[in-house]
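Undergrad: I have a structure here, written as structure tokens, and I will follow up with some questions on it.
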Amino acid sequence: MKNIDTNLENYHYRKTNIIQILQDIQSEHNYLPEKILKYVSERLKMPLSTIYSIATFYAAFSLNPRGKHLCTVCMGTACHVRGAAAILNEFERKLDIKAGETTGDMNYSLETVNCLGCCAIGPIVVYDGKYMGEFKLKDVAAVLKEKE
Ligand code: FES
């Protein structure tokens with residue numbers, strides 16, 4: 001757990017830095033592995049349940065392995081009325097997975113969210129952290145092709 005110890009040292013083993021610590025673990029592994037969370041819990045003397053409650057509160061964290069590319073479709077009301085369901089279906093069809101799943105080759109994960117706070121430019125798709133507003137059905141193929 002050398003990398004994790006370095007990470008914890010960088011944050012002076014302070015419980016108040018738990019979000020940054022989790023962010024670093026997430027960026028290194030693309031998710032938060034259970035055995036690392038247990039180790040962090042021991043080293044920080046912080047209950048594992050507290051770490052899990054933080055990890056599950058923020059959408060940026062994942063407790064399951066994610067693919068190399070993360071695609072999030074907003075399914076909030078404003079995006080839904082502007083065609084988000086059809087966009088999600090198209091991603092599911094092209095990737096051959098359902099929302100919440102990762103492709104077998106670990107290249108893509110597909111997720112949904114209930115409002116990203118920018119409803120006026122919906123429907124919104126976030127692809128590898130890039131917000132794309134007024135997303136059209138035809139954009140699905142273009143985005144996936146771009147990443148091939
Ligand atoms: S409903 Fe999609 S950004 Fe608000």
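The values are calculated or read from the model by the stated rules, or taken from the named source; none is laboratory data. No experiment lies behind these values; they were computed from the predicted model shown. Positions of Cβ are backbone-derived with ideal geometry, glycine not excepted, and every protein chain shown enters the neighbour counts. Heavy atoms of the whole protein, side chains included, go into the accessibility calculation; ligands, DNA and RNA do not. Shrake-Rupley method; radii C 1.70, N 1.55, O 1.52, S 1.80 Å.
Undergrad: Pull out a ≥ b ≥ c, the square roots of the eigenvalues of the alpha-carbon gyration tensor of region 2-57, then state rounded if a/c is under 1.5, prolate if not and a/b is larger than b/c, and oblate in the remaining case. Can you show the working numbers first?
TA: Details: a/c = 1.37, a/b = 1.07, b/c = 1.28.
Judged from the Cα gyration tensor, region 2-57 comes out rounded (a/c under 1.5).
Undergrad: Can you tell me the FRET efficiency between Cys115 and Arg93 if r is taken as the Cβ-Cβ distance and R0 is 30 Å, rounded to the nearest 0.05? Before the final figure, lay out each step's value.
TA: Values: r = 24 Å, r/R0 = 0.80.
It comes to 0.80.
Undergrad: Dipole size in debye (nearest 20) for region 2-57 around its Cα centre, Lys and Arg Cβ +1, Asp and Glu Cβ -1?
TA: Details: 7 positive and 6 negative charges, 40 e Å.
Magnitude of the dipole: close to 180 debye.
Undergrad: Could you calculate the contour length gain from Asp128 to Lys145, that is, 0.36 nm times the residue separation minus the distance between their Cα atoms, to one decimal place in nm?
TA: Details: separation 17, 0.36 × 17 = 6.12 nm, distance 1.39 nm.
Value of the extension gain: 4.7 nm.
Undergrad: Something else: Rounded to the nearest 20 debye, what is the charge dipole size of the chain about its Cα centre when +1 sits on each Lys and Arg Cβ and -1 on each Asp and Glu Cβ? Let's see the in-between values first.
TA: Details: 18 positive and 17 negative charges, 47 e Å.
With only Lys, Arg, Asp and Glu charged at Cβ, the dipole is about 220 debye.
Undergrad: Something else now. Using a ≥ b ≥ c from the Cα gyration tensor of region 69-146 (square roots of the eigenvalues), is it rounded, prolate or oblate, where a/c under 1.5 gives rounded and otherwise the larger of a/b and b/c decides, a/b for prolate? Display every interim value, and only then the final one.
TA: Working: a/c = 1.69, a/b = 1.62, b/c = 1.04.
Cα axes put region 69-146 in the prolate bin.
Undergrad: Something else now. Just for the Cα atoms in the chain, what are the lengths along the principal axes, largest first, rounded to whole Å?
TA: Taking max minus min along each principal axis of the Cα atoms, the chain gives 49, 32, 22 Å.
Undergrad: Using a 1.4 Å probe on the protein heavy atoms, what percent of the accessible area of region 2-57 belongs to carbon and sulfur? Display every interim value, and only then the final one.
TA: Values: 1690 of 3400 Å².
The nonpolar share, carbon plus sulfur, comes to 50 percent.
Undergrad: Let me ask another. Ignoring ligands, DNA and RNA, what percent of the accessible area of region 69-146 is carbon or sulfur (1.4 Å)? Can you show the working numbers first?
TA: On the way: 2220 of 4170 Å².
C and S fraction of accessible area: 53 percent.
Undergrad: Ok, one more. For Gln20 and Tyr52, FRET efficiency with R0 = 25 Å and r from the beta-carbon atoms, rounded to 0.05? All intermediate terms of the calculation are to be shown ahead of the outcome.
TA: Details: r = 17 Å, r/R0 = 0.69.
Efficiency computed from Cβ-Cβ geometry: 0.90.
Undergrad: In square angstrom, rounded to the nearest 10, how much accessible surface does Glu34 have for a 1.4 Å probe?
TA: Answer for Glu34: close to 100 Å² accessible.
Undergrad: With the crude spin-label approximation of a point 7 Å out along Cα→Cβ, what separation in nm comes out for His12 versus Lys68?
TA: Computed distance between label sites His12 and Lys68 equals 3.9 nm.
Undergrad: Right, next: Tell me the accessible surface of Ser49 in square angstrom (1.4 angstrom probe, heavy atoms of protein chains only), to the nearest ten.
TA: Answer for Ser49: close to 90 Å² accessible.
Undergrad: A further question follows. Please work out how much accessible surface Thr102 shows to a 1.4 Å probe, ignoring ligands, DNA and RNA, in Å² rounded to 10.
TA: 40 Å²
Undergrad: Assign unit charges at the C-beta atoms only (+1 for Lys and Arg, -1 for Asp and Glu), then state the dipole size of region 45-104 relative to its Cα centre in Debye, rounded to the nearest 20. Spell out each step's value before the answer.
TA: On the way: 7 positive and 4 negative charges, 32 e Å.
Using Cβ point charges on Lys, Arg, Asp and Glu, region 45-104 gives about 160 debye.
Undergrad: Once amide H atoms are placed 1.01 Å from N in the peptide plane, what residues at a sequence separation of 5 or more from Glu111, or on another chain, have their amide H within under 5 Å of its amide H?
TA: Amide H neighbours of Glu111: Cys71, Thr72, Val73, Gly100.
Undergrad: So with the 1.4 Å probe, I'd like the accessible area per residue for the chain, rounded to whole Å².
TA: Working: 8570 Å² over 148 residues.
Spelled out: the 1.4 Å probe surface of the chain, per residue, equals 58 Å².
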